[in-house]
1. May I ask you to say which residue of A:32, A:16 is of a type in the set (S, T, N, Q), under 23 Å from residue B:67 (Cα atoms) and away from every other protein chain (no Cβ under 12 Å)?
2. Give me the residue from region A:47-83 that is facing another protein chain (nearest Cβ under 8 Å) and of a type in the set (S, T, N, Q) and, out of that set, farthest from the chain's Cα centre (by Cα).
3. Taking region B:56-72 as the region of interest, how many residues are without any contact (Cβ under 8 Å) to a residue 24 or more places away in the chain and within 7 Å of chain A (Cβ to nearest Cβ)?
4. Please pick out the residue among A:121, A:151 that is of a type outside the set (Ser, Thr, Tyr) and either assigned to a helix (DSSP H, G or I) or modelled with pLDDT of 85 or more (or both).
5. What are the residues in region A:24-57 that are buried (at least 20 other Cβ atoms within 10 Å of the Cβ) and assigned to a loop (DSSP other than H, G, I, E, B), if any?
6. Within region B:109-121, can one find any residue that is open to solvent by 60 Å² or more (accessible area, probe 1.4 Å) and more than 15 Å from residue A:166 (Cα to Cα)?
7. When you check residue B:111 against the structure, is it in a loop (DSSP other than H, G, I, E, B), out of contact with any Leu (no Cβ under 7 Å at 6 or more places or on another chain), under 21 Å from residue B:60 (Cα atoms) and among the aliphatic types (A, V, I, L, M), yes or no?
8. What helices (runs of 4 or more DSSP H) lie completely within region B:1-95 and have 3 or more residues being open to solvent by less than 90 Å² (accessible area, probe 1.4 Å) and not acidic (Asp, Glu)?
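The values are calculated or read from the model by the stated rules, or taken from the named source; none is laboratory data. Fair warning: this is a prediction, and the values are worked out from it, not measured in the lab. Every residue, glycine among them, receives a Cβ derived from its backbone with ideal geometry; neighbour counts consider all protein chains shown. SASA here: full protein model, heavy atoms, side chains in, ligands and nucleic acids out. Shrake-Rupley method; radii C 1.70, N 1.55, O 1.52, S 1.80 Å.
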Amino acid sequence: MALILFFVFAIAAVLSGICVAFSPFGNNPVYSAIALIMTLFFLACEFVLLHATFIAVLQILVYAGAIMVLFTFVIMLLNLSKEEIGEERLTLTKVVGLVVVLIGLTYQIGRVIWAHKVAPVTLHLTDGGPSNPAFGTIQDVGVKLFQDFLVPFEVTSILLLVAIVGAVVLAKRKI
Amino acid sequence: MDGYSALLVVTFLVVGLAVTMLVLNLLLGPKNPSAIKSEPFECGQVQITSPRQRFSVKFYLIAIVFIVFDIEVVFLIPWAVLYRWFLTQPSWAVLAFTEMLVFLGILGLGLAYFWKRRGLEWD
């Protein structure tokens, strides 16, 4: 059951990911943003299947909620019309990007095939789940965060402080 | 996981209901499109301006700071859930309180800076 759901969500995530780049409904960037929300949602479903329930909630709360707000704001700030975007042209950057992606993809596929040849992987179809039944819950993550990973947690606050200062410096330069 | 299988059933029911209603509407509903029906309208009034207007860049700063404090809340949730449990652990009780105090203090510093640089004011 979990395996079937994994593939359903994985295919849905990849399909909506493709829709981000090639929207079937038109060239409107808002459609791409909505497709990206779908991708993030299906990734959250995958997190649930991995028993990482707290991370799944955060995925929706932070990524699909907060980060997508930023994306949508960029779309609405620019709000380019079709004339401003102009004709799509094949630039050198795009060709180089495509070549790099293809090389990377071939390399990764080759590595997987090579690894399979060296040591054949058997697929574990039964999902036993984690040994600790509380794994991935908010309590479990909290204990890890506030006891084992105390220093990274505090350093995160400095990272967020840097984010605030950076945003103010960039956006309020004139004052 | 068990609670999530119920959620899955509800999701299927909701999506199924929505799709059924849309498909039935598509199949049974009359469709007589005309040029005047396809025109965009605004509360029945004739449209005066384009709805595609640019947002002020000021929203962007607010959005970034919103994300920062959103993530702060994300860290607060597990702490709040676990706080009573921390208090039952004598060795962790003080630390659990101070660590969040330090975290909030550093982010409070950020808020103070943002406030001082007039980030909260619109003009």
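1. Numbers: A:16 fails: under 23 Å from residue B:67 (Cα atoms).
Unique residue meeting the criteria: A:32.
2. Among residues in region A:47-83 that are facing another protein chain (nearest Cβ under 8 Å) and of a type in the set (S, T, N, Q), the one farthest from the chain's Cα centre (by Cα) is A:81.
3. Going through region B:56-72 one residue at a time, the tally reaches 9.
4. Result: A:151 is the single residue among A:121, A:151 that is of a type outside the set (Ser, Thr, Tyr) and either assigned to a helix (DSSP H, G or I) or modelled with pLDDT of 85 or more (or both).
5. A:51, A:52
6. Checked region B:109-121: at least one residue is open to solvent by 60 Å² or more (accessible area, probe 1.4 Å) and more than 15 Å from residue A:166 (Cα to Cα).
7. no
8. Filter on region B:1-95 gives B:2-28, B:58-88.
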